[in-house]
Each structure stands twice: as structure tokens, then as C-alpha cells.
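Read the structure below first, then the notes.
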Amino acid sequence: MQNSIKNNMPISQTSEWTFDLIEKYHVEIERIASNFGLSTYPVQLEIISAEQMMDAYSSVGMPVGYSHWTFGKEFVNTEKNYKRGQMGLAYEIVINSDPCIAYLMEENSLPMQALVIAHAAYGHNSFFKNNYLFTTWTSADSIIDYLLFAKNYIAKCESRYGEEAVENILDSCHALKNFGVDRYKRPPKLSLQEEKNRQQERSDYLQSQVNELWRTIPDKEQNNENSTPARYPSEPQENILYFIEKHAPLLEPWQREIVRIVRKISQYFYPQRQTQVMNEGWATFWHYTILNQLYDEGLCTDGFMMEFLQSHTNVVAQPGFDSPHYSGINPYALGFNMMTDIRRICEKPTNEDREWLPDIAGSDWNETMHFAMRNFKDESFIGQYLSPKLMRDFKLFAITDDDRNRKIEVSAIHDNSGYQNVRSTLSEQYNLGSNEPNIQVYNVDAKGDRSLTLRHTQYLRRPLDKSAYEVIKHVARLWGFDVKLESIDEKEKIIKTFECSPPKY
Amino acid sequence: MTQIVDRRLNGKNKSAVNRQKFLRRFRKQIKKSIENVIAERSVTDLDKGEKVSIPQKDTSEPFFHHGQGGHRDMVHPGNKEFHQGDTIPRPQSGAQGNGSEASDSGEGEDDFIFELSREEFLQFFFEDLELPNLVKTKLSTITETKKVRAGHTSEGIPSNINVVRSLTGAMGRRIALRSPYKKELQKIDAELNDLLKRHNESDQIIIDLRDRIKHLKNKIRRIPFIDSFDLRYDNRINQPIPTTQAVMFCIMDVSGSMGREEKDIAKRFFMLLYLFLTRTYEKIHIVFISHHTVASEVDEETFFYSRETGGTVVSSALKLMASIIQDRYSSNDWNIYAAQASDGDNWHNDSKICINLLNKNIMPYMQYYSYIEITPDQHQNLWEEYTRIQTNWDNFAMKKIEKISDIYPVFRKLFEKHDV
């Protein structure tokens with residue numbers, strides 16, 4: 001960069017942080033980041049204690065959240081692991097909000113603080129601001145307001161209807177939270193004020209709609225036709241929580257509002273679940289690049305760099321499948337290496353790269369990476385950019401596990417005939433749509449016993465886990481009448497049915 | 001311009017509510033775990049937190065996900081020797097895949113282990129004993145106070161006047177107030193002596209000086225000997241006193257008729273007494289005396305876990321206790337508590353001897369003696385005799401206990417006594 005000056009004095013010699021030093025590092029990191037063209041929300045750094053970090057961890061990283069025992073469980077768990085030293089809390093928590101809030105833990109050394117600033121406050125921050133999933137599906141400017149609304153609303157319900165009643169509803173909603181997202185339709189923006197204003201209207205209106213569905217006075221036309229009754233809903237609905245919020249006959253207005261809160265928060269996290277590799281890879285790439293730039297400019301010492309590199313190396317380590325430490329592919333490792341690889345392909349493409357990735361080989365690396373960051377999610381990102389070289393570096397191999405065969409087959413390895421297969425298999429592995437069972441609202445027996453039928457369409461003959469029965473109980477609690485879950489195979493034949501009646505009070 | 005916010009000071013313990021909810025939700029499992037813990041804990045070891053483990057599957061939250069089976073393609077890193085088309089035997093349950101699949105055997109799942117704080121632990125402990133809130137708070141904060149001297153104040157009641165201090169103050173004040181007059185007096189005296197060499201007594205200047213001297217002496221005389229603000233009162237404040245030391249005798253019948261369950265009840269009772277004593281005393285000795293036909297002083301392990309056979313002679317234990325009191329715990333220095341647990345069985349001629357022993361050699365030294373009879377059956381002869389003790393001595397309590405929750409009534413008596 002043009003204003004990089006050699007013979008700079010390092011900002012600090014110590015590894016103890018002070019507000020002053022953090023500010024100085026931050027100024028430099030901000031300068032470097034903007035020179036690289038990172039566009040971010042304004043940054044707000046917050047110093048917190050280890051205990052507060054555990055608080056934040058256990059409430060899925062949100063600064064405010066409604067209270068529920070599951071967060072207590074998480075806290076107890078986090079605390080236990082932290083005390084045993086199994087888990088460093090060094091790494092970042094950053095909130096997708098405007099301004100972007102990044103937490104710095106007071107126990108961290110100065111190099112770690114700088115690392116977190118670069119990683120979270122610039123890496124993740126720019127990802128939140130620019131990735132298409134986040135810009136389309138989340139509203140960074142209003143999430144904190146909404147969480148505050150949710151927290152207060154649920155607290156109000158607890159004092160009015162009793163903690164247990166609220167807990168029951170929340171338990172049931174949590175069981176379905178992955179089925180409370182719209183995958184194709186952008187939800188309206190969230191905002192505290194509107195939410196409050198609309199909430200009353202909505203509850204009144206909803207109640208009248210529910211009544212519509214359960215009208216008992218027969219219509220004349222329906223009497224004279226005996227053909228198969230139309231299903232309700234006429235098209236299957238993928239957003240089960242939404243369907244329950246709008247149509248469950250027995251829910252009170254406040255219960256509907258709680259269903260809505262869980263649904264909205266789940267929706268907010270949906271993009272994060274789809275972009276883990278990219279998001280972490282992007283942030284890791286930038287902390288690595290920015291801190292190296294700091295070092296090149298002489299702004300930090302060798303000791304600083306050693307500490308940073310040690311931590312960085314731990315984060316991007318990828319144990320092999322046969323290692324006792326192996327627990328799947330490390331998103332930091334895969335993401336960081338893919339990002340670095342893209343830069344390599346742009347700057348020094350080999351013939352192989354030109355053949356496999358002709359579009360980007362030799363292009364401007366920064367522009368190409370920004371393009372990738374903006375327009376992809378994990379599934380498509382891997383499908384598009386995973387290079388043969390990286391597959392060799394990771395020694396990736398694909399296996400096929402089919403319960404009709406006695407053994408597992410190695411379907412492809414990192415060689416010429418296997419690259420395509422490995423890449424598409426890995427890409428598919430990050431497709432939430434096929435990882436989660438496909439369950440949709442299929443029918444409501446509006447004229448009969450009001451039972452709700454869900455349909456699980458099997459994908460590659462994968463069965464539902466037995467725990468589905470437990471989930472059905474929760475659905476029944478919300479629906480208030482019998483609930484049936486049918487698993488159907490490719491030929492639309494029902495092969496398994498779970499049934500449950502609502503609990504009697 | 002970015003800002004750095006220091007949040008360390010606010011929002012501590014934000015998860016406390018969630019933690020409470022978690023504990024409430026899994027009350028049943030935690031209580032079960034605590035019951036096991038209590039069985040393993042020493043009597044003196046009650047007053048701290050505890051690691052609690054509850055089954056993992058109870059705390060997990062269900063969600064729709066795929067089970068095993070069907071067709072699956074996966075990518076793993078770190079290939080060493082595989083080629084395309086190789087086959088691998090399927091690993092036993094759950095080990096394949098990405099590691100997040102739970103095994104379907106249902107066995108071997110880790111327990112969810114976490115730490116209860118001391119307060120939380122005691123809360124669960126008390127809950128089981130059905131102690132009312134009043135007692136719980138008493139248990140956690142019994143402090144006696146003593147008036148101690150704490151310097152002096154300028155306000156108080158006449159009986160607290162500190163004479164020496166007040167007079168010392170008065171004297172100081174007098175000296176201080178006199179000094180300007182005295183200085184002047186000395187000066188005038190010197191002047192007078194000087195003038196007398198040259199003047200007569202009747203000269204105006206001498207008369208003036210004499211008047212001045214008289215005036216000054218008057219002033220000095222008029223300084224009060226003692227004034228209200230000289231008064232100092234002894235100050236006394238309440239200071240919590242660590243009540244010094246106590247000894248607790250645990251006497252238990254270990255003859256064949258006391259089973260594991262009875263002993264467990266006895267143990268709870270001893271624990272509770274110990275806990276109560278730790279609130280009041282700094283130093284507590286515990287003496288375990290077990291008896292069947294003969295009594296012996298034993299360690300805790302033997303006390304709760306050894307089993308003897310044969311008959312029961314209660315007086316042997318009381319004799320031993322009396323002699324231990326004589327030898328080691330002369331009652332001026334020690335607060336003596338005793339808890340006796342038995343199933344009520346006694347050799348019938350022995351009960352009279354017990355009464356004598358208690359009346360003469362034991363009860364006079366006791367702060368409190370509690371007897372619990374653990375039996376679902378009819379009272380035995382020891383009970384009848386002990387009833388007479390109860391009428392004679394206020395500090396004797398007895399109660400029949402059939403199940404754990406019965407322990408409390410005995411304790412209520414104990415606390416009633418301390419209320420006065």
C-alpha cells in the first residue's frame with residue numbers, strides 16, 4: 001500500500017492490553033482494511049469479562065435474549081468446559097448488527113485482541129454487510145431492537161401466564177425452529193416500534209382467521225358434492241412454525257406471538273448456518289492478511305507475530321479422518337485455505353487452474369474474492385471454487401454409505417477422475433436442504449377431527465431419527481389436536497407413520 | 001470514529017435466571033443425583049457445592065433429523081491409502097459419518113455433569129427434608145452478637161459516663177482556656193514588680209495594674225471546672241461473636257436390627273445437626289459412638305458402614321459418652337450436643353440404668369440432647385423411659401421417625417429453643 005512506511009516503530013512491546021493500545025491497533029487495522037477495500041458497518045468494540053463471554057456464548061452470541069432453561073444449560077456447559085481449560089474463549093463473538101458489535105475478552109493478550117478486531121470487526125463485519133444472504137434475509141439495523149422486544153414480551157408473558165406455560169410453548173417451538181424458516185421468500189424487516197404496533201392488530205386479526213378455518217356452520221355448496229375434499233393447505237407448506245402461528249386452532253394470541261418470535265430469530269440465523277465455511281474463511285483470511293500487513297509495515301513486533309501465528313495455526317488445523325481429534329471438516333481450515341487458494345489462482349495460476357477455473361485464473365484477486373464473498377453460500381462456493389490442488393492438499397476422498405451394501409465404498413479420491421465427484425459431494429454436504437429432512441405441512445382434516453398431517457419426503461431413502469416422535473409431541477402440543485407424520489418414499493408410498501395426541505391438561 | 005465500550009462492570013450474571021430455570025427443570029434428576037451424593041458424603045462435608053450429573057438424554061432437546069440408513073455420500077480429509085472403488089467394512093454403530101450421530105444403542109452416552117454452588121446444593125438438601133423457609137434462612141445465618149467496648153462518644157446515658165476520661169478532657173480544656181490570661185498575668189506581674197521599684201502603691205498606674213490583675217484572676221476563676229461537653233461516655237457496639245467450640249456426639253445403635261435404610265435416615269439427621277452447629281460454632285468436634293451390647297468410639301466410616309449382630313445395651317453407649325465428657329470436654333469450655341439414633345430396641349432391664357445415667361451424668365452438661373427412634377413399629381421400652389426424661393429436661397427432644405421427611409419436626413424443637 002502506498003502509505004506503508006518502513007522503519008515504523010512497533011505500536012507496542014508488551015502483550016498487556018490497554019484501552020489506548022487497542023485504540024492504536026484498531027486505527028491501523030481499520031486503515032489497512034479500508035485500503036483492501038473492505039466495506040463494513042461502523043465498529044463498536046466492547047470489552048467484556050470471561051463470565052460475560054460465557055453468557056454470550058450460551059445465548060447464541062446475542063447480547064440480549066429471552067430467558068429459557070436451554071440457555072442455562074448451555075451456560076453450565078460452557079462454564080464447565082472453560083474451567084477445565086478445554087476451550088479457549090479467545091475467539092470472537094461478533095453480532096450481525098449495525099453498528100457491528102465485536103466482543104473483546106479482558107483475559108486476552110494484546111496480540112489476541114488485535115487478531116479478534118481484524119477477524120471479527122472487519123472480516124465478519126464486511127461479510128455480514130455484503131453477502132447476498134445476509135443483505136436479503138437479515139436486517140442488521142433492527143435486530144437488537146427486535147431481540148429486546150422479544151425479551152420483554154416473553155418476560156411479560158411469564159409474569160402474566162406463568163413461567164411454566166411460557167416454557168412449554170418455547171420448548172415446543174425450539175423443537176421446530178429449523179422448520180420455521182422461509183427458504184424462498186424474503187421476510188419483512190423487523191423493527192421494535194412497528195413490531196409493538198402491529199402485534200395487537202395481528203393477534204386480533206389472526207384469531208378471526210383461525211375461526212374462519214374452523215367454521216362449523218356448513219356451506220351449502222359443500223353439501224352437494226361428494227368428490228374428494230380439497231386438502232388444506234392446498235399446497236404443502238415448508239414453514240411449519242409459520243403455519244402453526246397462523247392456523248393452530250387453540251393457541252392464545254400471546255402463544256402465537258411467541259411462536260413468531262422463535263420463528264423470526266431462527267430466520268435471522270438461517271444465513272449463518274448456510275455460510276459457515278465462507279464466513280469463517282473470509283474472516284480468517286482477512287485477519288491473516290491484515291496482521292501480516294501490520295508486520296510488514298513494522299507496526300508490530302516479532303513476539304506479537306509469533307503469538308498470533310501460533311493461535312492462527314491452531315484455528316486452521318485440519319486433523320485427518322483417522323485422527324482421534326477428527327470431528328468433521330473444520331470450517332475455518334477449509335474456508336481459509338479456499339480463500340488463500342483463490343488468491344493464489346488469481347496471482348499465480350498453473351495450467352491446471354486455467355483448465356479448472358478459467359474464469360478467475362489471472363484475474364484481480366481482491367475483486368474476485370469480493371465477488372465470491374458477495375454472491376455465494378457454502379454449497380455453491382465450494383461447487384464453484386474448490387480447486388484440484390486444494391483437494392490434494394486436504395487429501396479429500398468421498399465415500400458412499402448405502403445401507404443396501406454391506407460395505408462402505410470409496411467413490412472418489414483426489415485424482416483426475418475423482419476431482420469432479422469429490423467437489424460435488426462436498427458441495428452437497430453443505431446443502432442444508434438435503435441435510436435436513438424434508439418435512440412439510442400436508443393436510444389439515446378440517447371437516448373431521450382437525451388432525452394435522454405432516455409429510456416427510458425421503459431423500460435417498462434416509463429415514464427419520466427415532467427422536468422424531470418426541471418432536472411430534474411438541475407439534476401436537478402446539479396444534480392442540482392429533483398430529484400425524486408420514487414418511488413417504490420416492491414413489492409416494494407411505495412407509496412409516498408417527499402419531500401423537502396432544503397432552504391433556 | 002469507533003468506540004470502545006467497557007462492559008465489564010454491567011450485566012454480570014446475566015445467565016443466572018436461565019441457570020435457575022435449568023435447575024428447576026431438572027429438579028427431579030438433580031435431586032436423585034444429590035441423594036447419591038449424600039450417601040457418599042461425610043457428615044462434616046455437607047457445606048459446600050457439588051458436582052451433579054444427570055443423564056444426557058434427559059437434557060437434550062429433540063429436533064427432526066435423519067437417522068441412520070439410506071444412501072449417504074460424504075467427504076473426509078486425510079486420505080492415505082484408499083483408491084477409488086475400495087471398500088471399507090462399516091464401523092460399528094455411530095462411528096462413521098461426521099461424528100455427530102448419536103449411537104443408537106442408547107448406552108454409553110455421557111452424563112451431563114455440572115457443578116452446583118453451595119447455596120444451590122443446600123437448597124436441594126433442605127428441600128428433601130421439607131424444612132420451612134424460616135429455618136432455612138436461620139440455618140444459613142445464625143450469628144450471636146456481644147457488646148464490646150469501642151472507644152468513647154460524646155453522647156450517651158449517665159450510667160456510661162467515663163469519669164477519668166471526662167475529667168482529663170475538662171482539665172485539658174481548663175488549661176487551654178486559662179493560658180492566655182495566665183500569660184498576661186505573668187507579664188503584668190513582671191511589669192508591676194518593675195514599677196514598684198520606682199512608684200508608690202497609691203500611684204494611679206499601680207492601682208490600674210492591680211485592678212487588671214484582679215480582673216484577670218476573676219476571669220480565670222470563672223472558667224468552669226467541668227462543662228457538659230467535657231463529658232465522655234463509654235461506647236459499646238454489637239460485635240458478632242464466633243461462639244467458640246462445640247462437640248457433637250453421634251450415638252447409634254448398630255445392632256442387627258438397624259438396616260441400611262435406618263442408618264441412612266440417621267445419617268441425614270446427624271448431617272443436619274452438624275450443619276446447624278457449623279452456623280453457630282467455629283470449631284466442632286464430632287464423636288461417633290456406636291453400640292450394640294458394648295459401646296466403642298469409632299471413626300465415621302465404621303460408624304455408618306459396619307454391621308454388628310447381637311443384642312442392644314444402650315447404657316453402654318451412655319456410659320462411654322459420660323466418661324468422654326469427663327475426660328475431654330469439661331462443659332465450661334464446650335457446648336455439648338448429642339444425637340442418638342436407634343430403633344428403640346433395648347435390653348429391658350437396661351432402660352432404667354439409662355435414665356439414671358442421663359439424669360445424673362449427662363443431661364446437666366448438655367446444650368441439647370435429641371433422640372430419634374427410627375422404626376415404623378410400636379414404641380419400645382426405651383421410648384417409655386425416655387419420655388420421663390423429656391418431662392424433666394427442657395433440652396431433651398425425642399421423636400419417632402419413619403421416613404426422611406420426618407426428621408424436620410425434631411429440628412423445629414431445636415430451633416424453638418434457640419429463639420428464646
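Below is a table of values for the structure above.
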item: Scope the range A:129-179; condition under 22 Å from A:Pro271 (Cα atoms), away from chain B (no Cβ under 11 Å) and part of a loop (DSSP other than H, G, I, E, B); matching residues; result: A:Asn131, A:Thr138, A:Ser139, A:Ala140, A:Asp141, A:Ser142
item: Residue among A:Ser380, A:Ser427, A:Ser417 that alone is over 28 Å from B:Glu81 (Cα atoms) and small (Gly, Ala, Ser); result: A:Ser380
item: Any chance A:Tyr66 is crowded, with 19+ Cβ neighbours inside 10 Å, within 22 Å of the chain's Cα centre (by Cα) and within 25 Å of A:Asn314 (Cβ to Cβ); result: no
item: Every residue from the range A:37-63 that is in contact (Cβ under 8 Å) with a residue 60 or more places away in the chain, more than 9 Å from chain B (Cβ to nearest Cβ) and crowded, with 17+ Cβ neighbours inside 10 Å; result: A:Leu38, A:Thr40, A:Tyr41, A:Met62
item: Considering residues of the range A:385-398 that are facing another protein chain (nearest Cβ under 7 Å) and buried (at least 23 other Cβ atoms within 10 Å of the Cβ) only, the residue nearest to A:Pro349 (Cα to Cα); result: A:Phe394
item: Matching helices (runs of 4 or more DSSP H) fully within the range A:274-350 where at least 3 residues are charged (D, E, K, R); result: A:331-347
item: Yes/no for A:Thr313 being out of contact with any helix residue (DSSP H, G or I) (no Cβ under 7 Å at 6 or more places or on another chain) and closer than 30 Å to A:Thr14 by Cα; result: yes
item: Residue selected from the range B:335-356 under the condition over 30 Å from B:Ile404 (Cβ atoms) and touching a residue at least 12 places away in the same chain (Cβ under 8 Å), by the criterion surrounded by the most Cβ atoms within 10 Å (Cβ to Cβ); result: B:Ile353
item: Criterion (β-branched (Val, Ile, Thr) and assigned to a helix (DSSP H, G or I)) met by exactly one of B:Ile289, B:Ile325, B:Ile284; result: B:Ile325
item: Residues within the range A:447-471 that are away from chain B (no Cβ under 14 Å) and either surrounded by fewer than 17 Cβ atoms within 10 Å (Cβ to Cβ) or not in a loop (DSSP other than H, G, I, E, B) (or both), tallied; result: 6
item: Subset tally (residues that are within 8 Å of chain A (Cβ to nearest Cβ), aliphatic (A, V, I, L, M) and in contact with a helix residue (DSSP H, G or I) (Cβ under 6 Å, 6 or more places away or on another chain)) for the range B:54-75; result: 1
item: So A:Val210, is it surrounded by 12 or more Cβ atoms within 10 Å (Cβ to Cβ), modelled with pLDDT under 70 and more than 14 Å from A:Lys264 (Cβ to Cβ); result: yes
item: Test result for A:Ser417, under 26 Å from the mean Cα position of the chain (by Cα), of a type in the set (Gly, Ala, Ser), facing chain B (nearest Cβ under 10 Å) and over 24 Å from A:Ala248 (Cα atoms); result: no
item: Out of A:Val422, A:Val475, A:Val441, sole residue that is under 19 Å from A:Lys496 (Cβ atoms), in a helix (DSSP H, G or I) and either at the interface with another protein chain (Cβ under 7 Å from one of its Cβ atoms) or not basic (Lys, Arg) (or both); result: A:Val475
item: Condition check for A:Glu23: in a helix (DSSP H, G or I) and either touching a Gly at 6+ places or on another chain (Cβ under 7 Å) or modelled with pLDDT of 85 or more (or both); result: yes
item: Residue check for B:Gly106: within 19 Å of A:Ser411 (Cβ to Cβ) and either at pLDDT below 65 or more than 10 Å from chain A (Cβ to nearest Cβ) (or both); result: no
item: A:Ala102 being within 19 Å of the chain's Cα centre (by Cα) and modelled with pLDDT of 85 or more; result: yes
item: Residue check for B:Leu131: more than 10 Å from every other protein chain (Cβ to nearest Cβ), farther than 30 Å from A:Asn330 by Cβ, modelled with pLDDT under 85 and assigned to a loop (DSSP other than H, G, I, E, B); result: yes
item: Residue tally, condition in a strand (DSSP E or B) and under 17 Å from B:Ile407 (Cα atoms), over the range B:245-268; result: 3
item: Residue list for the range B:70-94, filter: outside any strand (DSSP E or B) and either surrounded by 15 or more Cβ atoms within 10 Å (Cβ to Cβ) or of a type in the set (D, E, K, R) (or both); result: B:Gly70, B:Pro77, B:Gly78, B:Asn79, B:Lys80, B:Glu81, B:Phe82, B:Gln84, B:Asp86, B:Arg90, B:Gly94
item: Exclusive hit being within 14 Å of chain B (Cβ to nearest Cβ), of a type in the set (A, V, I, L, M) and closer than 28 Å to A:Gln272 by Cα, set A:Ile408, A:Ile345, A:Ile382; result: A:Ile382
item: Hits in the range A:355-378 - residues which are of a type in the set (Asp, Glu) and either in contact with a strand residue (DSSP E or B) (Cβ under 9 Å, 6 or more places away or on another chain) or buried (at least 21 other Cβ atoms within 10 Å of the Cβ) (or both); result: A:Asp378
item: The listed residue being touching a strand residue (DSSP E or B) at 6+ places or on another chain (Cβ under 6 Å), at pLDDT 85 or above, among the aliphatic types (A, V, I, L, M) and assigned to a helix (DSSP H, G or I), out of B:Leu320, B:Leu357; result: B:Leu320
item: Residues located in the range A:5-38, provided they are of a type in the set (A, V, I, L, M) and touching a helix residue (DSSP H, G or I) at 6+ places or on another chain (Cβ under 9 Å); result: A:Ile11, A:Leu21, A:Ile22, A:Ile29, A:Ile32, A:Ala33, A:Leu38
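Every residue, every condition in (1) touching a residue at least 12 places away in the same chain (Cβ under 8 Å); (2) on the phi < 0 side of the Ramachandran plot; (3) of a type outside the set (A, V, I, L, M), yes or no:
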site	(1), (2), (3)
A:Thr400	no, yes, yes
A:Ser411	yes, yes, yes
A:Ser417	no, yes, yes
A:Glu428	yes, yes, yes
A:Ile439	yes, yes, no
A:Asp445	no, yes, yes
A:Asp449	yes, yes, yes
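The values are calculated or read from the model by the stated rules, or taken from the named source; none is laboratory data. Fair warning: this is a prediction, and the values are worked out from it, not measured in the lab. Glycine also receives a Cβ, built like all others from the backbone with ideal geometry; neighbour counts cover every protein chain displayed.
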